[in-house]
Amino acid sequence: MADAQHDPDAPVLFFDSGVGGLSILGPAKALMPAMPIVYAADSAGFPYGTKSDAEIAARVPALLGRLVERYRPRIAVIACNTAATIALSHVRAALDIPVVGTVPAIKPAALASKTRVIGVLGTEATVRQPYVDRLAAEHGADCTVLRHGSAALVAYAEARLRGEPADPAVPADALAGLLDQPGGDRMDMVVLACTHFPLVEDELAAAAPRPLTFLDGGAGIARRIAYLNGDAAWPTTPPPGKAVFTRVDASIEALRPAMARFGLDQIQSL
Ligand code: DGL
């Protein structure tokens, strides 16, 4: 066990390319309010969804190594489906602390689907991963699993969190990418397989031509962090949350209010 696991001040590290990981941080903070938090966004590498697998596989473990060295977290959470479906095993091999990955919630979607048609809405990189093929084969073998990648919806979520105007057609277009595929007319579940997307779930629901159920992994990951933390103590007064960016520029300033809503009051650069 790493020393960090015995230090009540050791934080939980959340990692994403941008603001998406806030959809994972939110439920975790709700379950464990005293959890010290470091939220790391690879703003210099954003977006991940349009990058090659090789780029992600090289970038993510190296960055997490640096973050762990600097912040000594008790647990690292890859709060990004793209990074986790490509690099989870490499990150686990490189770090000596528990690593939680965010992967598409295909299992609960397949369990709940009545029509046996489920949609997976992620980044282009995530929806092409063999990891997703395996989840679909293991948990949804009797389902039609439709997939669609939308870089526009990632950009839309980032803009919304900055309080900037975003093209209102984007959520409907992203859903059409699933609904217009063969079988899409029977789809009842949509797995939000990019952590940016639960942040704009209301907009997706409003844009849906008929009621759809949206699922994501946030609540399950919160329970997993609590389980892995076990009996390790949290501080009596949690320190202010830190948001760490790999590139700090003017656009980061616009994120301050959104970050503060998640208790991230300090902004730093890596
Ligand atoms: N939030 C990320 C995910 O869950 C990726 C967004 C991006 O950088 O393209 O896949």
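The values are calculated or read from the model by the stated rules, or taken from the named source; none is laboratory data. Since the model is a prediction, treat every value here as computed from it, not as a measurement. Note that each Cβ is placed from the backbone with ideal geometry, even for glycine, and that neighbours are counted across all protein chains shown. Ligands, DNA and RNA are stripped out before the accessible areas are found, and what is left, the full protein with its side chains, is counted by its heavy atoms. Shrake-Rupley method; radii C 1.70, N 1.55, O 1.52, S 1.80 Å.
The table for this structure:
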| read-out | value |
| --- | --- |
| Å² of accessible area per residue within the chain, as computed with a 1.4 Å probe and no ligands counted | 42 |
| CD proxy at 222 nm, helix term only [per DSSP H run n ≥ 4: -39500 (n - 2.57); per residue of the chain; nearest 500] | -12500 deg cm²/dmol |
| Axial C-alpha extent at least 20 Å, average Kyte-Doolittle at least -1.0 - helices from the chain (DSSP) | 53-71 |
| Ranked by how many other beta carbons lie within 10 Å on average, peptides 85-94, 196-205 from highest | 196-205, 85-94 |
| Shape box of the stretch 78-176 [Cα atoms, principal axes, largest first, Å] | 41, 39, 20 |
| Prolate/oblate/rounded call for the stretch 203-255, Cα gyration tensor, a/c under 1.5 rounded | oblate |
| Sequence ranges 146-153, 77-84, 134-141, ranked by mean other-Cβ count within 10 angstrom, highest first | 77-84, 146-153, 134-141 |
| In sequence order, calculated HN-Hα J values of the stretch 192-204 (Karplus, 6.51, -1.76, 1.60; Hz; x Gly/Pro) | 7, 9, 9, 5, 5, 6, x, 5, 10, 5, 4, 5, 5 |
| Per residue convex hull volume, Cα atoms of the stretch 1-159, in Å³ | 125 |
| Accessible surface of the stretch 126-222 [probe 1.4 Å, protein heavy atoms]: carbon and sulfur percent | 52 |
| Debye log10 I(q)/I(0) at q = 0.09, 0.10, 0.11, 0.16 Å⁻¹ for the chain, Cα point scatterers | -0.38, -0.48, -0.58, -1.21 |
| Relative contact order [Cα under 8 Å, 6+ residues apart], the stretch 160-214, whole percent | 39 |
